[in-house]
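Report on the following structure.
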């Protein structure tokens with residue numbers, strides 16, 4: 001899948017380290033965004049980055065950066081990530 005210059009791969013497609021620059025364990029714990037430069041974002045920061053780059057989501061991005069809402073957003077992400085195998 002490619003949208004807005006972001007290519008997505010499912011961690012379930014992991015065959016070996018050559019497919020992904022991270023271990024299967026790391027990939028199963030959180031979503032990762034790997035830039036061409038090699039730098040990465042992980043977990044809720046990936047979603048914040050996406051929201052920041054989309055004009056229609058700018059307000060939601062700003063809200064998720066406010067301290068109280070940031071903590072709530074990060075907590076919600078961790079809860080979903082922790083239970084994703086049961087959710088999907």
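The values are calculated or read from the model by the stated rules, or taken from the named source; none is laboratory data. None of these values were measured; they are calculated from a predicted model. No Cβ is skipped: glycine too gets one built from the backbone with ideal geometry, and neighbour counts run over all protein chains shown.
When you scan segment 54-65, do you find a residue that is closer than 15 Å to residue 27 by Cα, surrounded by 13 or more Cβ atoms within 10 Å (Cβ to Cβ) and within 16 Å of the chain's Cα centre (by Cα), even just one?
So the first thing to find is which residues in segment 54-65 are closer than 15 Å to residue 27 by Cα, and the list is none.
Checked segment 54-65: no residue is closer than 15 Å to residue 27 by Cα, surrounded by 13 or more Cβ atoms within 10 Å (Cβ to Cβ) and within 16 Å of the chain's Cα centre (by Cα).
Number of residues in segment 66-88 that are loosely packed, with under 12 Cβ neighbours inside 10 Å and over 23 Å from residue 12 (Cα atoms): the value is 5.
Among the residues of segment 21-40, those identified as modelled with pLDDT of 80 or more, surrounded by 15 or more Cβ atoms within 10 Å (Cβ to Cβ) and within 15 Å of residue 78 (Cα to Cα) are 29, 30, 31, 32.
I'd like to verify a number: residues in segment 49-72 that are in contact with a helix residue (DSSP H, G or I) (Cβ under 6 Å, 6 or more places away or on another chain) and touching a residue at least 12 places away in the same chain (Cβ under 8 Å), how many? Adding up the residues that qualify gives 3.
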